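Undergrad: Dropping the structure in here first, questions after.
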Amino acid sequence: MESLKGKKVFITGVTSGIGRSCVYAFAKEGADLLISARRKSLVDEIADDIRKKFNINVYSFQLDVIKRKDVDNAVKSLPAEWKRIDILINNAGMGRGMVKFYEDNPDGWEEMIDTNIKGLLNVTNAIIHQMIERKDGHIINIGSIAGHEAYPRGAVYCATKHAVAAITKSLRMDVMDKNIRISTIDPGLVQTGFSKVRFYGDEEKANAVYKGYTPLSPDDIADAVIYIATRPKHVNIAQMVVFPTAQASSIHVHKES
Ligand SMILES: NC(=O)c1ccc[n+]([C@@H]2O[C@H](COP(=O)([O-])OP(=O)(O)OC[C@H]3O[C@@H](n4cnc5c(N)ncnc54)[C@H](OP(=O)(O)O)[C@@H]3O)[C@@H](O)[C@H]2O)c1
């Protein structure tokens, strides 16, 4: 097992759910953290908390992954001691709406495509060059089972996660001679803020997604991310699919009424 102590880990979308759990999991392992999301005050709160609880260095900043120039500038203007990034966790992502394609709101399509595809590309591109120069690095994408199997009422979200799967596979081929690991972890149902965002703030609909079975917690996924990040350097966990026990595919979930 590789130690994460002192490793510089850059995580997007840390103010909630899987990103937030990853922050605490990596902090516990002694990694130094570059943490970001759009809600800067929440990012700073998390930064203060982990500085107090764990003896690590933290660099917190606001980042909207959709804005390519901002992403480039944020990475370019990192202080010298933060320029070498060992691990990137591309976590920021979202769903909008869960209705039939022909009833859907195209504004939501734009948000999902911009965040889940372009955002991941923007951050990856801003960071991968220094990994290539050093011939060292690890990028872990948070994909989804929706990137393996499309499901009804999810055309565009599923398309964005299929895109993440394709980018992950192709990028792995492009950097296999650069000693850079490219991994994806593809969860099923995880209880996070995801459904509330997807249903435009409707808590009742969001809570119903997780009723009748035990969903994954964001800590379960952070645990799997740590496993991927701590394998020996010659081992790349290319893809990991994680379901709650009551889920068997993107459309099969056993719910007790
Ligand atoms: N929950 C699930 O069942 C599930 C299953 C499979 C895959 N996933 C994937 O897991 C990842 C994390 O989602 P989650 O479930 O943890 O949802 P979440 O609780 O809603 O967290 C999403 C995080 O992404 C950030 N974010 C959203 N848009 C952003 C943007 N434009 N720029 C920067 N940060 C942005 C949010 O922070 P701000 O609002 O502060 O920017 C938030 O911290 C996503 O890629 C999602 O697709 C989730």
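The values are calculated or read from the model by the stated rules, or taken from the named source; none is laboratory data. Everything quoted here is computed from the prediction, not taken from an experiment. Reconstructed Cβ throughout: ideal geometry from the backbone, glycine too, with neighbour counts over all protein chains shown.
Undergrad: Of all residues being touching a residue at least 40 places away in the same chain (Cβ under 8 Å) and of a type in the set (S, T, N, Q) in segment 196-230, which is surrounded by the fewest Cβ atoms within 10 Å (Cβ to Cβ)? Just the residue, please.
TA: Looking at the filtered set, the residue picked out is Thr230.
Undergrad: Against the condition within 13 Å of the ligand (Cβ to nearest atom) and over 14 Å from the mean Cα position of the chain (by Cα), how does Ile46 come out, does it pass?
TA: Yes, satisfied.
Undergrad: If you scan segment 114-150, which residues turn out to be among the small types (Gly, Ala, Ser), part of a helix (DSSP H, G or I) and either in contact with a strand residue (DSSP E or B) (Cβ under 8 Å, 6 or more places away or on another chain) or over 21 Å from Leu78 (Cβ atoms) (or both)?
TA: Gly119, Ala146, Gly147
Undergrad: Could you tell me whether segment 202-221 includes any residue that is within 30 Å of Val253 (Cβ to Cβ), β-branched (Val, Ile, Thr) and within 16 Å of the chain's Cα centre (by Cα)?
TA: yes
Undergrad: Turning to a different aspect of this structure: Mind listing whichever residues of segment 182-195 are within 13 Å of the ligand (Cβ to nearest atom), free of Cβ contacts under 8 Å to residues at least 60 places away in the same chain and of a type in the set (Val, Ile, Thr)?
TA: Matches in segment 182-195: Thr184, Ile185.
Undergrad: To continue, here is another question. When only residues in segment 63-80 that are under 18 Å from Lys8 (Cα atoms) and surrounded by 15 or more Cβ atoms within 10 Å (Cβ to Cβ) count, which is farthest from the ligand (Cβ to nearest atom)?
TA: Leu78
Undergrad: Further question: Just to be sure before I move on: is Leu42 surrounded by 21 or more Cβ atoms within 10 Å (Cβ to Cβ) and at pLDDT 95 or above in the structure I sent?
TA: Spelling it out, it is not the case that Leu42 is surrounded by 21 or more Cβ atoms within 10 Å (Cβ to Cβ) and at pLDDT 95 or above.
Undergrad: When you look at Val156, is it more than 26 Å from Asn73 (Cα to Cα), in a helix (DSSP H, G or I), touching an Asp or Glu at 6+ places or on another chain (Cβ under 9 Å) and of a type in the set (Val, Ile, Thr), yes or no?
TA: Yes: the conditions hold for Val156.
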